[in-house]
1. Any idea what the relative contact order of the chain is, in percent, if you count C-alpha pairs under 8 Å spaced at least 6 apart?
2. Test of the criteria: in region 84-186, which trypsin sites (Lys or Arg not before Pro) are in a DSSP loop and have at most 16 other Cβ atoms within 10 angstrom of their Cβ?
3. For the chain, what is the mean residue ellipticity at 222 nm derived from helices alone (per DSSP H run of n ≥ 4: -39500 (n - 2.57); sum divided by total residues; nearest 500 deg cm²/dmol)?
4. From the square roots a ≥ b ≥ c of the eigenvalues of the alpha-carbon gyration tensor of region 1-75, which class results: rounded (a/c under 1.5), prolate (a/b over b/c), or oblate?
5. In nm, give the distance between the simple-model label positions of Ser68 and Thr207, each being 7 Å from the Cα along the Cα-to-Cβ direction.
6. Using only Cα atoms, tell me the angle between helix 13-24 and the longest principal axis of the chain; keep it within 0 to 90° and round to the nearest 10.
7. Of the cross-linked pairs Lys3/Lys201; Lys165/Lys268; Lys3/Lys206, which ones have a Cα-Cα span greater than 31 Å in the structure shown?
8. What residue among Asn271, Asn166, Asn224 shows peak mean-square fluctuation when the chain is described by a Gaussian network model with Cα springs under 10 Å?
Amino acid sequence: MQKTTIAILGGGAWGLALADLASANGHIVRVWSRRGSTNLEAVLQDAQIILSAIAMKGVSDVVSQVKSFPLSPNTIFVTATKGLDPQTTCTPSQIWQTAFPHHPVVVLSGPNLSKEIQQSLPAATVAASNDTAAAELVQLVFSSPRFRVYTNADPLGVELGGTLKNIMAIASGVCDGLHLGTNAKAALVTRGLTEMVRIGKSWGAKTETFYGLSGLGDLLATCNSPLSRNYQVGYQMALGQTLTEILANLPGTAEGVNTCQVLVQRAKQHNIAIPITEQVYRLLEGEVTTRQALDELMLRDIKPEYN
Ligand SMILES: NC(=O)C1=CN([C@@H]2O[C@H](COP(=O)(O)OP(=O)(O)OC[C@H]3O[C@@H](n4cnc5c(N)ncnc54)[C@H](OP(=O)(O)O)[C@@H]3O)[C@@H](O)[C@H]2O)C=CC1
Ligand SMILES: O=C(CO)COP(=O)(O)O
């Protein structure tokens, strides 16, 4: 395919892994990071794709900065952030789309632990958009023998899958840290997926999306891998460390911590049952111990599996 010029915003673990994937396919890649030496205006100049791998806490600020520069009307935005805005509960793609209503926005999300991708291990992901042509271009740009990209027409579902599984990854870390066994883990991940579907449906996402790579796929990856920062938060809490201690030593961002707070707020407003998220929230807030959170979940009123 033709060379595409890509501006990658965010020089963290994921931004750099995505930059390597696109460079390896022969594209022109420029990376901007707030601490780096590159200038944002120069990085954005003539970019056909602007990909954001900024942690959630910096998205709104970076969107405002990008807005102050002239862009080609055809520029495609790609967001790879897995979080929710604490003020508005908006997803990152909603923030980009609101700021750039006439540009296509594509969500890139899937089971993509950056350390494995940097080791050239095979992986698959999803490029989702309401604009099929934009999703297909992103698919072409990143696809390779080691990175298989599927398109999808439910960007909200794809984005929420990647975001909500972070909370379940924290819970899974607790489960493994407490040595609760394989049965418990299977129950947790399965009921976690049910909870993600319930939340996603109330948001307007498609149920089937959560059974794909960006939902179940990412859930399996992060709930089972010590490479996941979110999993590490839960695991280390189960070993008795405080959240403050864990975050101080964590390499990179664990988005699930903030997502959990945002979700509890949104679930209250919309009257959605989120028992696992609620216990993760109470644990992170220091209201319960890991053992108490487990008991709360196991001793809930008994009920049918589906209702
Ligand atoms: N790592 C992974 O395996 C994957 C991560 N993701 C998602 O990608 C996002 C980034 O993750 P990751 O790269 O791992 O995280 P890192 O912590 O490694 O990097 C975060 C990036 O965000 C930037 N950033 C944070 N706050 C601001 C701000 N206020 N203004 C500008 N830039 C800011 C950081 O800049 P600085 O370095 O200057 O602080 C850094 O470039 C997260 O939402 C994560 O969930 C998605 C898939 C895989
Ligand atoms: O989203 C990820 C893999 O798909 C990365 O997970 P962590 O942010 O928990 O490390």
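1. On the way: 571 pairs, mean separation 45.4, N = 307.
Contact order relative to length: 15 percent.
2. Within region 84-186, the qualifying trypsin sites (Lys or Arg not before Pro) (loop, at most 16 other Cβ atoms within 10 Å) are Arg146.
3. Values: 14 runs with 156 residues, N = 307.
Helices in the chain give a 222 nm mean residue ellipticity of -15500 deg cm²/dmol.
4. On the way: a/c = 1.85, a/b = 1.18, b/c = 1.58.
Oblate, since a/c reaches 1.5 and b/c is not below a/b.
5. Using points 7 Å along Cα→Cβ, the separation is 4.7 nm.
6. Approximately 40 degrees, to the nearest 10.
7. Numbers: Lys3/Lys201 38 Å; Lys165/Lys268 19 Å; Lys3/Lys206 34 Å.
Violating the 31 Å Cα-Cα cut-off are Lys3/Lys201; Lys3/Lys206.
8. Of Asn271, Asn166, Asn224, the Gaussian network model singles out Asn271 as fluctuating most.
The values are calculated or read from the model by the stated rules, or taken from the named source; none is laboratory data. These figures come from a predicted structure and were not determined experimentally. In this analysis, Cβ positions are derived from the backbone assuming ideal geometry, glycine residues included, and neighbour counts consider all displayed protein chains. Only protein heavy atoms, including side chains, enter the accessible area calculation; ligands, DNA and RNA are left aside. Shrake-Rupley method; radii C 1.70, N 1.55, O 1.52, S 1.80 Å.
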